[in-house]
Amino acid sequence: LVIAGEAGQIFVSVDNGDTWEQRESPYEGSLFGARGTGNVNEVLVFGLRGTTFKSTDMGKSWKVVPNEGGATLNDGVVAEDGRITLVGNSGAVLMSSDGGESFRPYFRDDREGVMD
């Protein structure tokens, strides 16, 4: 389990929430979501201004995932076929077909924010 929050806070539990460990964050800004990639030990955290990071070791280390969206990201989902979608403000919909290594931005025509 992973929790991401304000001031770049990241907490990980490997025992279904019985205990939590704070991880070193790669970012000091607001993170609004965390989502697994569908692969063991992999997690994405995302938030303010489209900031996105990926870990392949349950948050012990992080790498920036570049994207051209630039809009704050609020939530995400992993489809059965492995595609990852992140959504956010200004109608942002970011899609990844490579396990969250990169994202292609799309924007709703009406630019309405997507929260979930």
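When only Cα pairs below 8 angstrom with a gap of at least 6 residues are kept, the chain shows a relative contact order of 17 percent.
Each Lys and Arg Cβ is given +1 and each Asp and Glu Cβ -1; about its Cα centre, the chain then shows a dipole of about 300 debye.
In the distance distribution for the range 2-105, Cα-Cα pairs more than 24 Å apart total 15 percent. Each of Val93, Val77 has its accessible area taken with a 1.4 Å probe; listed largest first, they run Val77, Val93.
Electrostatic tally near Phe53: other residues with Cβ closer than 15 Å to its Cβ, Lys and Arg +1, Asp and Glu -1, net +1. Extension gain, Glu68 to Ser97, is 8.9 nm, computed as 0.36 nm per intervening residue step minus the present C-alpha separation.
The values are calculated or read from the model by the stated rules, or taken from the named source; none is laboratory data. Only a predicted model underlies this, so the values are computations on that prediction, with no experimental measurement involved. Methodologically, a virtual Cβ is constructed for each residue, glycine included, from the backbone with ideal geometry; neighbour enumeration extends over all protein chains shown. Accessible surface areas use protein heavy atoms only, side chains included; no ligands, DNA or RNA. Shrake-Rupley method; radii C 1.70, N 1.55, O 1.52, S 1.80 Å.
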